[in-house]
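Asker: The structure follows.
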Amino acid sequence: MEIRRIDSSYKDKIVEIFLMSFEYFEPEESEFFFSDPSLWEYVWGAFDEEKLVAAYISYKYLAKIRTKPFECRYVEAVATLPEYRNKGITKAILLKDIKEAVENGATFIMLDPFKHDFYVRLGFGLGFESLELTFDHSLLSDEIKDDSLKLLSGKLLNNEEMKTLIEEARKVMWETSRYTEALEINACSQEIFHKKDLFGAVATDGKGTPHGMMIYSKKERKEDGDREIQLHRSCRPLFTEEILAES
């Protein structure tokens, strides 16, 4: 079994493996992600002769903890063809990538796994807990407590105004927040603007400075027709009650 770096010429083969590995994977919505050149610096493949049997994607990014930025490597996705699983391939690629990341100055290796036990055995520990927040639309107030803030919201797809506002909010939060802010590669930070079901909301003051943002989707409940709002994983922790009320 040979493990080596691969480039974008293997995109279609990786998509095939992901389709067999992840129920939620949607190739059409991931087209931008795979087409952006920033993705392909740390993409690995495992080969049985010339057959690609496993794919592994990681990338560099900066994460802030108590105002101090750290260089990190984030493991985005690991997938193996069904007939090649449980043979140690994932472990071999992961350890190879970790060794290179540490040698090149990475302080943290981070991932969001499906199976925690596997990664705990490799030395990983729990750093953050991921929560999915769902709001019943009927619980949201129409009152705006701070009338000095201007609220702007809308779909992210093909919306340059929302894209500019979200990017400015991210910049402000990176500069001012103390915890968990991150600077990601372009393939990840820009992917949200290519998803048809995502909305954004930003609160700005009279000078146009963002005071909060969120990225969310809307879902109609089948049983009663009411609407739910689900926060996207890209949402940052400065969103406000006013944004929820407006959305």
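Asker: Quick check on my filter: what residues within region 164-216 are touching a residue at least 40 places away in the same chain (Cβ under 8 Å), assigned to a strand (DSSP E or B) and either aromatic (Phe, Trp, Tyr) or over 20 Å from Met110 (Cα atoms) (or both)?
Answerer: Passing the criteria: Tyr179, Phe199, Gly200, Ala201, Val202, Ala203, Thr204, Pro210, His211, Gly212, Met213, Ile215.
Asker: Across region 149-163, which residue is most open to solvent (accessible area, probe 1.4 Å) among those that are closer than 13 Å to Gly208 by Cα and assigned to a strand (DSSP E or B)?
Answerer: Per the stated criteria, the residue is Lys150.
Asker: Which of the strands (runs of 3 or more DSSP E) contained wholly in region 1-110 include at least 1 residues that are closer than 27 Å to Val172 by Cα?
Answerer: On the way: elements: 2-5, 42-48, 51-65, 68-80.
Answer list for region 1-110: 51-65, 68-80.
Asker: Moving on to the next point. Run down Phe193, Phe199 and say which single residue is modelled with pLDDT of 65 or more and in contact with a strand residue (DSSP E or B) (Cβ under 6 Å, 6 or more places away or on another chain). First the steps, then the outcome.
Answerer: Values: Phe193 fails: in contact with a strand residue (DSSP E or B) (Cβ under 6 Å, 6 or more places away or on another chain).
Going through Phe193, Phe199 in turn, just one is modelled with pLDDT of 65 or more and in contact with a strand residue (DSSP E or B) (Cβ under 6 Å, 6 or more places away or on another chain): Phe199.
Asker: Answer with yes or no whether Ala63 is modelled with pLDDT of 95 or more, buried (at least 20 other Cβ atoms within 10 Å of the Cβ) and closer than 22 Å to Ser189 by Cβ.
Answerer: Against the criterion (modelled with pLDDT of 95 or more, buried (at least 20 other Cβ atoms within 10 Å of the Cβ) and closer than 22 Å to Ser189 by Cβ), Ala63 does not qualify.
Asker: Also, quick follow-up: Return the pairs, sorted by first residue and then second, in which the second residue is in a strand (DSSP E or B) and open to solvent by 20 Å² or more (accessible area, probe 1.4 Å), the first residue lies in region 30-50 and is farther than 15 Å from Ile6 by Cβ, the beta carbons are less than 7 Å apart, and the residues are 6+ apart or on different chains.
Answerer: none
Asker: Go over the candidates Ala92, Ala79, Ala101 one by one and state the one that is in contact with a Lys or Arg (Cβ under 7 Å, 6 or more places away or on another chain), of a type in the set (A, V, I, L, M) and in contact (Cβ under 8 Å) with a residue 24 or more places away in the chain.
Answerer: Details: Ala92 fails: in contact with a Lys or Arg (Cβ under 7 Å, 6 or more places away or on another chain); Ala79 fails: in contact with a Lys or Arg (Cβ under 7 Å, 6 or more places away or on another chain).
None of the other options fit; the residue is Ala101.
Asker: Taking region 117-148, which residues are modelled with pLDDT of 80 or more and either surrounded by 15 or more Cβ atoms within 10 Å (Cβ to Cβ) or under 19 Å from the mean Cα position of the chain (by Cα) (or both)?
Answerer: Tyr119, Phe124
Asker: Please state which one of Glu168, Glu220 is more than 22 Å from Phe34 (Cβ to Cβ) and modelled with pLDDT of 90 or more.
Answerer: Checking each option against the conditions leaves just Glu168.
Asker: Being over 25 Å from Glu76 (Cβ atoms), in contact with a Lys or Arg (Cβ under 8 Å, 6 or more places away or on another chain) and open to solvent by 30 Å² or more (accessible area, probe 1.4 Å) is the filter here, so list the residues in region 164-213 that pass it.
Answerer: The answer is Arg178, Asp205, Gly206.
Asker: Which one is farthest from Ile93 (Cα to Cα) among residues in region 15-29 that are without any contact (Cβ under 8 Å) to a residue 60 or more places away in the chain and hydrophobic (A, V, I, L, M, F, W, C)?
Answerer: So, considering only residues that are without any contact (Cβ under 8 Å) to a residue 60 or more places away in the chain and hydrophobic (A, V, I, L, M, F, W, C), the one farthest from Ile93 (Cα to Cα) is Phe25.
Asker: Inside region 7-47, can you point out the residues that are open to solvent by less than 60 Å² (accessible area, probe 1.4 Å) and either over 23 Å from Ile98 (Cβ atoms) or basic (Lys, Arg) (or both)?
Answerer: Lys11, Val15, Phe25, Pro27, Glu29, Ser30, Phe32, Phe34, Asp36
Asker: Could I ask something else about it? For region 78-116, give me each residue that is among the acidic types (Asp, Glu) and surrounded by 13 or more Cβ atoms within 10 Å (Cβ to Cβ).
Answerer: Asp97, Glu100
The values are calculated or read from the model by the stated rules, or taken from the named source; none is laboratory data. Quantities reported herein were computed from a predicted structural model and do not represent experimental measurements. As a convention, Cβ positions derive from the backbone with ideal geometry for all residues, glycine included, and neighbour counts pool all protein chains shown. Remember, those area values only see protein heavy atoms, side chains included, never the ligands or the DNA or RNA. Shrake-Rupley method; radii C 1.70, N 1.55, O 1.52, S 1.80 Å.
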